[in-house]
Amino acid sequence: QQQVKQSPQSLIVQKGGISIINCAYENTAFDYFPWYQQFPGKGPALLIAIRPDVSEKKEGRFTISFNKSAKQFSLHIMDSQPGDSATYFCAASITSGNTGKLIFGQGTTLQVKP
Amino acid sequence: DVKVTQSSRYLVKRTGEKVFLECVQDMDHENMFWYRQDPGLGLRLIYFSYDVKMKEKGDIPEGYSVSREKKERFSLILESASTNQTSMYLCASSPGGPKTQYFGPGTRLLVL
């Protein structure tokens, strides 16, 4: 019940295309869903996050779509660029309490071809 | 800027050795975390700490221990390193509550 399942494991997209990464969860107590981006040799960094009271959040070319009834959320990267090539992790958290503990998905390695 | 530093980028150790991985954050964050990252398995939480001298087991604590004597420093200890502990180890910190976690650059550990 604490798992977050992420797919696909790897993704190759042409420059200018749309990259889509999907995540699913079981625990309905999760109420905070961030996405982290990790470049080679670096630690992950927060990219964008959403709470379940909205169905979509957009920041620049990055959009999170959230489907509460299906217990799924996804990251869309519009007009994908070679600089977006990285590993992406979805995560989920329960915001009550003070620990800030996140449950991460398995990760998706994105390659954007020029 | 929040800075999380890890003592080593690369480490090579022998089976049975005691290994210390150090993590320091400079933002007075309450929470600190240790993860290991393996291909196809994502980030798995080993231990976390929400206050000095406080710790809680994560999802994969076996073979590991931690120490947090000062707020800014969180150490991961492999009591007797084994080859299945070869991995990338990532430290993170965050303010109290469900806030952004800030990660260090990671330590790639090879146990021979």
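The values are calculated or read from the model by the stated rules, or taken from the named source; none is laboratory data. Remember, predicted model here, so these are calculated numbers, not experimental data. Note: ideal-geometry Cβ built from the backbone for every residue, glycine included; neighbour counts use all protein chains shown. Just the protein is used for accessible areas: all its heavy atoms, side chains included, with ligands, DNA and RNA removed. Shrake-Rupley method; radii C 1.70, N 1.55, O 1.52, S 1.80 Å.
For region A:18-49 and region B:50-112, compute the distance between their C-alpha centroids and round to whole Å. Here the answer is 20 Å between Cα centres. Comparing B:MET54, B:MET32, B:MET88 in a Gaussian network model of chain B, where Cα atoms under 10 Å apart are tied by springs, the biggest mean-square fluctuation is seen for B:MET54. Computing FRET efficiency as 1/(1 + (r/R0)^6) for B:LYS70 and A:LYS113, where r is the C-beta to C-beta distance and R0 is 35 Å, gives about 0.15.
At full extension, A:ILE12 and A:ALA70 could sit 18.3 nm farther apart than now, given 0.36 nm per residue minus the alpha carbon distance.
Summing +1 for each Lys or Arg and -1 for each Asp or Glu among the other residues whose beta-carbon sits under 12 angstrom from that of A:GLY41 gives +3. Taking the Cα centre of chain B as reference, the dipole from Cβ charges on Lys and Arg (+1) and Asp and Glu (-1) amounts to some 220 debye. For region B:55-106, with all protein chains in place and a probe radius of 1.4 Å, 48% of the accessible heavy-atom surface sits on carbon or sulfur. At a threshold of 30 Å², the residues of region B:68-112 that become less accessible to a 1.4 Å probe in the full protein assembly than in their chain on its own are B:GLY97, B:PRO98, B:THR100, B:GLN101, B:PHE103. Among the protein heavy atoms of region A:20-114, carbon and sulfur supply 50% of the accessible surface, probe 1.4 Å, non-protein parts ignored. Once the chain from B:VAL52 to B:GLU22 is taken as fully extended at 0.36 nm per residue, the excess over their C-alpha distance is 9.3 nm.
For chain A, averaging the sequence separation of C-alpha pairs within contact (under 8 Å, six or more residues apart) and dividing by the residue count gives a relative contact order of 37 percent.
Look at the alpha carbon pairs under 8 Å that are at least 6 residues apart: their mean separation over the length of chain B gives a relative contact order of 36 percent. In this rough spin-label picture, where each label sits 7 Å from Cα along the Cβ direction, the A:VAL54-A:ASN27 distance is 2.4 nm.
For the set B:ARG73, B:ARG44, the ranking by accessible area, highest first and with no ligand, DNA or RNA atoms included, is B:ARG73, B:ARG44 under a 1.4 Å probe. On full extension, the segment bounded by B:ARG9 and B:MET88 gains 27.5 nm, given 0.36 nm per residue less the C-alpha separation. Between region A:59-114 and region B:1-18, the alpha-carbon centres lie 27 Å apart. For the protein assembly as shown, the solvent-accessible area of protein heavy atoms averages 48 Å² per residue (probe radius 1.4 Å; ligands and nucleic acids excluded). Each of B:LEU45, B:TRP34, B:THR86 was placed along the dipole of chain B (beta-carbon charges, centred on the mean Cα), and the one lying farthest toward the positive end is B:THR86. Treating r as the C-beta distance of B:LEU112 and B:LEU41 and R0 as 22 Å, the FRET efficiency rounds to 0.55.
Estimated at the nearest 10 Å², the accessible area of B:ARG9 is 100 Å² with a 1.4 Å probe. Accessible area buried by the pairing of A and B, both sides summed with a 1.4 Å probe, works out to roughly 1800 Å².
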